[in-house]
Every structure is written in C-alpha cells, then in structure tokens.
Amino acid sequence: MNELTVVDKANEWRRMKSLVLDSVASPITKRVYNMALDEFFDWYRLEPRPGFTKATVNAWRVTLDERGLGSSSIIIRMSAIRQLAVEATDNGLLAPELAAGIQRVKSAKSIGVRAGNWLSLKQAQTLLNAPDITTLKGLRDRAIIAVLLGCALRRSEVAALTMAHVQQRDGRWCIVDLYGKHRRVRTIPMPAWVKVAIDAWTAPAGVVDGYLFRPVIRGDQVRGKVLSEKVVWQMLRPYAKAAGVAGIAPHDCRRTAAIFQAASSSSRMIQV
C-alpha cells in the first residue's frame, strides 16, 4: 500500500490531483498546487521509486534545494505534496502511517519577513497620472490604479469587481460584500478620488452593470465582459516604468494603500 497504486495510470494521477485542487478555494493556490503536483509527477516518473513514501518525498525535497528555489517556492510545493498524501489516505490509496511519515518531511524555513515595496504619496500621484486619459483605455487604467492605491484590493479582486459592489453606505462610497482570499467577505471604504476615477471610466465606456473593468481592444473599443487578473498585472508595468517606479506590482499598490490608510489623511490627499 506504499505504492500510490496509480503510478502507471495517468487517469488515477489526474483524479488524485483533482481531489487536491478541489480541497482549496483560492484560484491562485489551485494554480500553484497544479504546477507543483505536475512537477512532482514528472519527476516521479523519471526513474524507479520506492513508492509514495517519506523517502521519496525526502528525495523530492532535496531536488527542490538543488534547483536553488527560494523558501516560499519550496514551502508551497511541499504543502501540495502533503495535501496529496492526505487525499490518497482518505481514498484508501495510502496507508495512514505512510501519510504520517510524509507529513514529517521538513519543509523550508521562512527566515525573516520580506519588507516589500511601497510608494510615497508623490510617487503614487505620479503613477495615477501616468495613463493617457484622453482614451478609454487610459481612463480604465487610471481607475484600476486608483482602486489599487485607494482600496487595497488584490489584482484578482480588482478583476472580479462589479458595479453592484460599489454602493453608498452611511453617506460614503464603499466596495460592499467583496469575496476575497479564502472566500472571506469584507466591505472596503472608497476614497472620493477613487469614485471620481471610476465614474470617469464607466460613463464614456457605457458600463452600467456587470463587471466594472472590461477589455479595451485596438481602436479604443470596449469589448468583452470581464478582465483577467493577469491583465491587471501587465497593465501596471509600463505605467510604473513611466512614473519612475519600475518593478512596482499590484500587491505593492495594496501595501501602499494600507500605509496611506494607517496614516489616515494621506489617501484623501491624492487627486484625480
């Protein structure tokens, strides 16, 4: 029973992987687990192995070190393997004592805390002013940057934002009942300048319901109903470079927003 009896059966490997992916809610975690398990399966098939055992997983762990991966990359890959052992045990494909051994394989240590990047108020204002607002694409991109800097959303949350999320509560604008990471629901206050940027985009684009941000194709035409989170990341790069803050990512804008909110008044000083 130490063989994951599915070693030579591609369909069974896929079934086990599906069980692991179904056990997590976050789309980002699903994507990373999918990649991690595919890597492990490909490595497993390269040569004869003693089965899905602690020794095998230890060997895989050594391989990850030899590849020079960072601690975060190793941790997420080992987490996927541990979850595979859990699902294999629950489905009668792996003895509980073998699964327990796999759980004891040490992962990488996270040493220290990465500070990350954030913007000053002046840099944030320069980034917000970077898009060409004489075009629909520029108006959309400015609104996206405004939401990132003013509301501290993740790029996946920006892509999922709808017109229905934007509501007034107690006389102020908010993003209401937004599902985020791990399906947590929260309501986020929206600075007035963010609402101004959103209105400047939605009015000429004719967006009155559905997803707030839409694809804009060549010819400055709005096409499609939803923007992917990858586009949010790609959109930011040229503006960050033009603003003199090359390398800034959406999560750095989220971090910047958190700093502004902690300073209370800073987020009100940005202008559209």
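The values are calculated or read from the model by the stated rules, or taken from the named source; none is laboratory data. What you see is a predicted model; the values in this text were computed from it and never measured. Heads up, the Cβs are rebuilt from the backbone with ideal geometry, glycines too, and the neighbour counts pull from every protein chain shown.
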Complete set of residues in the range 129-150 that are surrounded by fewer than 22 Cβ atoms within 10 Å (Cβ to Cβ) and not in a loop (DSSP other than H, G, I, E, B): 129, 136, 137, 138
Within the range 89-107, track down each residue that is closer than 17 Å to residue 58 by Cβ and touching a residue at least 12 places away in the same chain (Cβ under 8 Å). 94, 98, 99, 101, 102, 103, 104, 105, 106, 107
Suppose we filter the range 90-102 for residues that are assigned to a loop (DSSP other than H, G, I, E, B) and either surrounded by 14 or more Cβ atoms within 10 Å (Cβ to Cβ) or hydroxyl-bearing (Ser, Thr, Tyr) (or both); how many remain? 3
Sole miss for residue 227 among (1) part of a loop (DSSP other than H, G, I, E, B); (2) closer than 30 Å to residue 22 by Cβ; (3) modelled with pLDDT of 95 or more is condition (3)
Please verify whether the range 161-172 includes one or more residues that are surrounded by fewer than 14 Cβ atoms within 10 Å (Cβ to Cβ) and either in contact (Cβ under 8 Å) with a residue 40 or more places away in the chain or assigned by TED's automatic domain parsing to the domain that holds residue 21 (or both). yes
Of the residues in the range 40-89, those that are in a helix (DSSP H, G or I) and among the small types (Gly, Ala, Ser) come to 55, 59, 71, 72, 73, 79, 80, 85, 88
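Residue by residue, here is whether (1) assigned to a strand (DSSP E or B); (2) among the basic types (Lys, Arg) holds:
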residue: 153; (1), (2): no, no
residue: 164; (1), (2): no, no
residue: 167; (1), (2): yes, no
residue: 175; (1), (2): yes, no
residue: 186; (1), (2): yes, yes
residue: 200; (1), (2): no, no
Unmet criterion (only one of (1) closer than 20 Å to residue 225 by Cα; (2) free of Cβ contacts under 8 Å to residues at least 40 places away in the same chain; (3) under 18 Å from the mean Cα position of the chain (by Cα)) for residue 156: (2)
Scan the range 113-121 and give yes if some residue there is under 30 Å from residue 57 (Cα atoms) and within 25 Å of the chain's Cα centre (by Cα), otherwise no. yes
Is it fair to say residue 22 is modelled with pLDDT under 90, acidic (Asp, Glu) and under 28 Å from the mean Cα position of the chain (by Cα)? yes
Kindly indicate whether residue 108 is within 30 Å of residue 50 (Cα to Cα), in a loop (DSSP other than H, G, I, E, B), modelled with pLDDT under 90 and of a type in the set (A, V, I, L, M, F, W, C). yes
Check off (1) surrounded by 20 or more Cβ atoms within 10 Å (Cβ to Cβ); (2) touching a Ser or Thr at 6+ places or on another chain (Cβ under 9 Å); (3) of a type outside the set (A, V, I, L, M, F, W, C) for residue 157 and give me the number that stays unchecked. (2)
All conditions in (1) out of contact with any helix residue (DSSP H, G or I) (no Cβ under 6 Å at 6 or more places or on another chain); (2) within 30 Å of residue 22 (Cβ to Cβ); (3) aliphatic (A, V, I, L, M) are true of residue 232 except (1)
I'd like to verify a number: residues in the range 202-224 that are among the acidic types (Asp, Glu) and in a helix (DSSP H, G or I), how many? 0
